[in-house]
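What follows draws every value from the coordinates through simple rules; no lab data is involved. No experiment lies behind these values; they were computed from the predicted model shown. Cβ sites come from the backbone with ideal geometry, for glycine too, and all protein chains shown count toward neighbours.
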Amino acid sequence: MTNPGPGVIYTETLIHAAPQQFVADAPYQLVIVTLDSGRRLTARMIGDRVQIGDAVDFAEDRGGIPFFRKH
């Protein structure tokens, strides 16, 4: 994935009951980011938990899954 750029948290949830491939990561925060381009993207967070309205920056792609971190 190319860098989608920064954005703002549209919504978020904390995943406790993860799919089999992500069980070791649980609990983890799953977010929908409204990118500065206007598109929305489902992603995971690295580091601090975020709330709706928080600014975030693209951090990395892990196997097709975008990860963001708090701005």
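The condition of being under 10 Å from the mean Cα position of the chain (by Cα) and touching a residue at least 60 places away in the same chain (Cβ under 8 Å) does not hold for residue 4.
Quick grid of which residues meet (1) in contact (Cβ under 8 Å) with a residue 12 or more places away in the chain; (2) loosely packed, with under 14 Cβ neighbours inside 10 Å; (3) hydrophobic (A, V, I, L, M, F, W, C):
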{"site": "16", "(1), (2), (3)": "no, yes, no"}
{"site": "24", "(1), (2), (3)": "no, yes, yes"}
{"site": "27", "(1), (2), (3)": "yes, yes, no"}
{"site": "40", "(1), (2), (3)": "yes, yes, no"}
{"site": "45", "(1), (2), (3)": "yes, no, yes"}
{"site": "63", "(1), (2), (3)": "no, yes, no"}
